[in-house]
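The values are calculated or read from the model by the stated rules, or taken from the named source; none is laboratory data. Only a predicted model underlies this, so the values are computations on that prediction, with no experimental measurement involved. Cβ coordinates were reconstructed from backbone atoms using ideal geometry, including for glycine residues, and neighbour counts include every protein chain displayed.
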Amino acid sequence: MSPEKDNSIIIYDGECELCRSAVRFLQTGSSPAGFKFVPSSDPSAHQMLDEFRIEKSTADKTVILIDKDRVYTKSAAIIKALQKKGRLWRLTGFFLLVPAFLRNLVYDWIANRRK
């Protein structure tokens, strides 16, 4: 179940209120590419995880963006999703210049306190 050409798939923790709020935010306004949102507990998410060789335990700990057969996790997934939202959100791509280990330290700190 590869992502369709015009849709990116976001796999997220459906039991996490912060994650659900982020999904609601991404659903609002204009999004030129569009997203398909799949909770990590959904059977179709398990199928995609297998297809892209992603550990199921990873999906419980991080957001995953599948875009044109590329997989992004943690901070990269968030930044890429915000960029696809369009308009001024494209400027968040600037954060990709920050080394991933530093971005992901912040991501992990927030993720560990989200529930």
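Structure summary
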quantity: All helices (runs of 4 or more DSSP H) inside the chain with 2 or more residues being surrounded by 13 or more Cβ atoms within 10 Å (Cβ to Cβ) and modelled with pLDDT of 85 or more; calculated: 17-27, 43-51, 74-85, 100-111
quantity: Arg70 being under 13 Å from the mean Cα position of the chain (by Cα) and without any contact (Cβ under 8 Å) to a residue 12 or more places away in the chain; calculated: yes
